[in-house]
Amino acid sequence: MKKEILQITQRIIERSKNTRKAYLEKISAAKSTTVHRASLSCGNLAHGFAACGKDDKATLRGVNHSDVAIISAYNDMLSAHQPYQTYPDIIKAAVRDTGGVAQFAGGVPAMCDGVTQGQPGMDLSLMSRDVIAMSSAVALSHNMFDGALMLGICDKIVPGLMIASMTFGHLPTVFVPAGPMPSGIPNKEKARVRQQFAKGEIGEDELLEAESASYHSAGTCTFFGTANSNQLVVEVMGLHLPGASFVAPNTQLREELTKAAARQVTRLTLQSGNYTPVGKMIDERSIVNAIVALLATGGSTNLTMHIIAFAKAAGIIVNFQDFNDLSDAVPLLTRIYPNGHADINHFQEAGGMALLFKELIDAGLVHEDVDTICGRGLARYTQKPVLENGELKWVDGATVSGDDEVITTVDKPFKTDGGLKVLKGNLGTSVLKTSSLREGSFVIKAPAVVFEDQHELEEAFKAGELEKDFIAVVRFQGPKARGMPELHKLTPPLGVLQDKGFKVALVTDGRMSGASGKVPAAIHLCPEALDGGLIAKIKTGDMMLLDGESGELTLLVEDNELTQRINAKFQVNGHHQGMGRELFGFMRRNLSSAETGACSLFDDSIESTIVGEV
């Protein structure tokens, strides 16, 4: 193991000592000595299996076989989750073949940031993660179940399911992916068309044609945004079957992997004699592995918050500084859009997860000796699934890259670091993704142009008011103000200005999409404007420094001047009304800072622990 990674792991273990101990005691107390439904009264149990068939009822009356919960994010509007339509029947049959029963315990909402970008519904996006966690908890609260299968893929769905899985950490749990859609038009072409539209060179018909050629069928979007970052992180934590993340939907291999996942969870229950509760299986080393893999692949910045949140659900305390220091120790090994032109299917063809695991293990960048749903050790994950005469088998994966412009080696990395930098200064703390930045754009010193809404920036761009060097400040986008919507619609106009030769950057207490990265963006700024952050005192024309090399984010205004300024006031302007936003006030008010996971589900007493310790 690389020394720096061991040191960071150890400090996380020390920092988490008390919270992790309390967590393990909690899930140990929740463990049953027999099937969980044995604790139910006859009336409880009768309600629990009333809709089951005769054979399943007979099984559930006994105490020798497991009842597996299916939690699904299926809906048929969103491409990534539409394939889950057929999974329950497949899973039920596979579990029944093992002698157990699987019940569809509950569905969770799944919203798409791609649909809601720039729309009022985006204000609900981050909060939907906590709703998903709570919805899963409601489904599992019936205490009928001895294990769980989690069906989810995209931006907030997997993190929400992870929070729920850690909360019900006494249950063995397996995550079941559905796979990416086939490749559409090249990502470079898609980005070019978007910038043409931003410049007014083409109309909506041409833009829609390009977007429809990119997002064109069932399956996950193929760029390396939050959805595919989720899948990679979950597999690296050993919660997927080896190589399951990026197998295409509606194929025989995909269906056989789904059956195998259903059978696998029954091998982890107490009744199997191989009891593997997910909350004990996932430990501090698993979390470090997840961060390392995210950094080594240039994954989504959204995961900086999500990993902190679901780690916290398991009593593990991680902070932004851990991400920063791990990034310094981890080289960038893949080029997948937005930090390259390839998509996730090209990554899969170049060697995929099996090759990535091999590189990370051989270089001592991950803890190999962790527990997974397939037993002890990550070496199993250097294999890939194949069908031989219709039978699912695992064979050794690639040992060399099939395309060294997509996956490289530790000896010849695309960057010597993981492409993530934590910026600090008088404005607070923020995150900068550097893996996709052009040379020469890491350091920007320029005057601020302040906006209270991303649409104001778009209007200024269209009016020709931004033809200059500047740092865009988009504030009152934080968790408590707006629920922290993504500001991905800013990428095309800022990208156009960047291509014209202007030095531009973004500073915000909001988020950017997992597909962003071309424009320097100091995001997740803490404290946010509504929490008294200094960003609320910035005026247009103030000089600012964003330094992605030294890690500095500073408002270059004298202290005596700043003390005389009054914080700008948040103008609600209807942002808390409409599209269901009025229902989420209680949650928005209770969201923690981005640095502590932007979560509403945990006791604030450990917030200072997360931020306060390196």
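The values are calculated or read from the model by the stated rules, or taken from the named source; none is laboratory data. Small disclaimer: the values here were computed from a predicted structure and weren't measured. Please note: Cβ atoms are built from the backbone with ideal geometry, for glycine as well, and neighbour counts cover all protein chains shown.
Take I523 and tell me if it is crowded, with 18+ Cβ neighbours inside 10 Å and more than 28 Å from the chain's Cα centre (by Cα). For I523, the condition - crowded, with 18+ Cβ neighbours inside 10 Å and more than 28 Å from the chain's Cα centre (by Cα) - is not met.
In the list N250, N187, N230, which residue meets the criterion of being in the same structural domain as V288 (by TED's automatic domain parsing) and more than 19 Å from G351 (Cα to Cα)?
The conditions single out N250.
Residue check: P242 meets all listed conditions (1) in a helix (DSSP H, G or I); (2) in contact with a Ser or Thr (Cβ under 9 Å, 6 or more places away or on another chain) but one, namely (1). The single condition among (1) crowded, with 19+ Cβ neighbours inside 10 Å; (2) within 16 Å of I444 (Cβ to Cβ); (3) out of contact with any Ser or Thr (no Cβ under 7 Å at 6 or more places or on another chain); (4) modelled with pLDDT of 95 or more that L494 does not satisfy is (4).
Total residues in the stretch 557-568 satisfying the condition of being in a loop (DSSP other than H, G, I, E, B) and free of Cβ contacts under 8 Å to residues at least 40 places away in the same chain: the figure is 5.
Looking only at the stretch 177-189, residues that are assigned to a helix (DSSP H, G or I), surrounded by fewer than 19 Cβ atoms within 10 Å (Cβ to Cβ) and touching a residue at least 24 places away in the same chain (Cβ under 8 Å) come to 1 in all. A count restricted to the stretch 441-475 and to residues that are under 22 Å from K537 (Cβ atoms), assigned to a helix (DSSP H, G or I) and over 25 Å from the mean Cα position of the chain (by Cα) stands at 3. With the requirement that a residue be under 30 Å from V265 (Cβ atoms) and not aliphatic (A, V, I, L, M), what does the stretch 335-361 give you? Within the stretch 335-361, N345, F347, Q348, E349, G351, G352, F357, K358, E359 meet the criteria.
Quick one: is E349 in contact (Cβ under 8 Å) with a residue 40 or more places away in the chain, farther than 29 Å from S128 by Cα and either polar (S, T, N, Q) or surrounded by fewer than 23 Cβ atoms within 10 Å (Cβ to Cβ) (or both)?
For E349, the condition - in contact (Cβ under 8 Å) with a residue 40 or more places away in the chain, farther than 29 Å from S128 by Cα and either polar (S, T, N, Q) or surrounded by fewer than 23 Cβ atoms within 10 Å (Cβ to Cβ) (or both) - is met.
Comparison of V330, V278, V288, V318 shows that the only residue that is buried (at least 24 other Cβ atoms within 10 Å of the Cβ), over 30 Å from S28 (Cβ atoms), among the hydrophobic types (A, V, I, L, M, F, W, C) and touching a helix residue (DSSP H, G or I) at 6+ places or on another chain (Cβ under 8 Å) is V330. Selection of the stretch 11-36 for residues being under 19 Å from A102 (Cα atoms) and under 33 Å from the mean Cα position of the chain (by Cα) yields S32, V35, H36. Every condition in (1) in the same structural domain as E284 (by TED's automatic domain parsing); (2) on the phi > 0 side of the Ramachandran plot; (3) not polar (S, T, N, Q) is met by I163 except one, and the failing one is (2). Among the residues making up the stretch 476-532, those that are in a helix (DSSP H, G or I) and not hydrophobic (A, V, I, L, M, F, W, C) are P479, K480, R482, H488, K489, T491, P492, P493, G495, Q498, D499, D531. The set of residues from the stretch 463-488 being surrounded by 20 or more Cβ atoms within 10 Å (Cβ to Cβ) and not aliphatic (A, V, I, L, M) comprises F470, R475, F476, Q477, G478, P479, K480, R482, G483, P485, E486, H488. Against the condition among the charged types (D, E, K, R), surrounded by 20 or more Cβ atoms within 10 Å (Cβ to Cβ) and either part of a loop (DSSP other than H, G, I, E, B) or at pLDDT 95 or above (or both), how does K539 come out, does it pass? No; evaluated as a whole, the condition is false for this residue. Residues in the stretch 569-598 that are touching a residue at least 24 places away in the same chain (Cβ under 8 Å) and in a helix (DSSP H, G or I): R581, F584, M587, R588, R589, A594, E595, T596.
Considering the stretch 264-353, the qualifying helices (runs of 4 or more DSSP H), each wholly inside and each with 2 or more residues that are under 24 Å from A398 (Cβ atoms) and at pLDDT 95 or above, run over 284-296, 344-349. The residues in the stretch 122-176 that are outside any helix (DSSP H, G or I) and of a type in the set (D, E, K, R) can be counted, and the count is 3.
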